[in-house]
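K.L.:
I have a structure here, written as structure tokens, and I will follow up with some questions on it.
Please treat every number below as a calculation from the coordinates, not as lab data. Worth saying up front: this structure is predicted, and the values here are computed from it rather than measured. Methodologically, a virtual Cβ is constructed for each residue, glycine included, from the backbone with ideal geometry; neighbour enumeration extends over all protein chains shown.
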Amino acid sequence: MRKRVSVRALLVLRLAASAAVVAAPALAQSAPESPSQPIVRAADAGILGVALAGSLLLMPYDVQITAWKGVPALRNSSRVRATLDATAFIGGPGSLAIDAVMFGAGRIAKNKDFATDGEAAFEAAAVGGAVTFVLKRVIGRARPGLDSTRADDFGFGRGFLGGSDYQSFPSGHTTAAFAFATAITTRLGQRNSSAVNWAAPVLFSVATLTGIQRVYRHAHWASDCLMGAAIGTVSGFAAARWHQQHP
């Protein structure tokens, strides 16, 4: 019964991720911004609210999802582990290096759009990272690596003194990955670049795989990654809007 529930939960996650990847190019297209429009909007609060509700609904299945890693051929594959690890590095901390390279290369080549893309992505990661930094320490959720049977192990403020082991919710890597993907694709959409049609599926696939790797490696619960994805998405939208209003 538990296996059946966990498989259903994973299927829901996969469908949600697939929908996000398919819809990303359309979401990235936006009308010209007016300087009077707010950077953070009601729709962003809606994204965060839905993600929070989804995380709460997902938490009862976190243990089963963490325990389920697919068929043995994938679970025991060193190639699968290496691919997920590489993807998580690119989507997480590696994306910050990509931001810096984009900004520097754009400045050197005098390509303002490319430089601003990197700047916006870095700012999105910084804002999202600041939010997750505080939440991780205030919420104090234990990582599955400590005890993969206790997804309900929370302690208010414990993340400040307990260290990284009690900073599970939300996922910082997933936040950074979705901040990068959202900022870049939104920027491309704002200037009606055809590159958004391939960039969005690629970047959001990398971001989704980053979250999967965090669960696969017992670094995070699935609900941590869902909330991190929402924070990164909202941060990416906000950074892109700011730069559109302040070219």
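K.L.:
Local charge sum around Ala179 (other residues, Cβ-Cβ under 10 Å, Lys/Arg +1, Asp/Glu -1)?
P.N.:
Net of charged neighbours comes to -2.
K.L.:
For a quick protection proxy, order the peptides 81-93, 97-109 by their average other-Cβ count within 10 Å, most packed first.
P.N.:
81-93, 97-109
K.L.:
Can you tally the net charge around Asp147? Count Lys and Arg as +1, Asp and Glu as -1, for every other residue whose Cβ sits under 11 Å from the Cβ of Asp147.
P.N.:
-1
K.L.:
Let me test this: with uniform point scatterers at the alpha carbons of region 171-247, what is the Debye-based log₁₀ I(q)/I(0) at q = 0.14, 0.19 1/Å?
P.N.:
Debye curve over Cα of region 171-247, log10 I(q)/I(0) at q = 0.14, 0.19 Å⁻¹: -0.44, -0.72.
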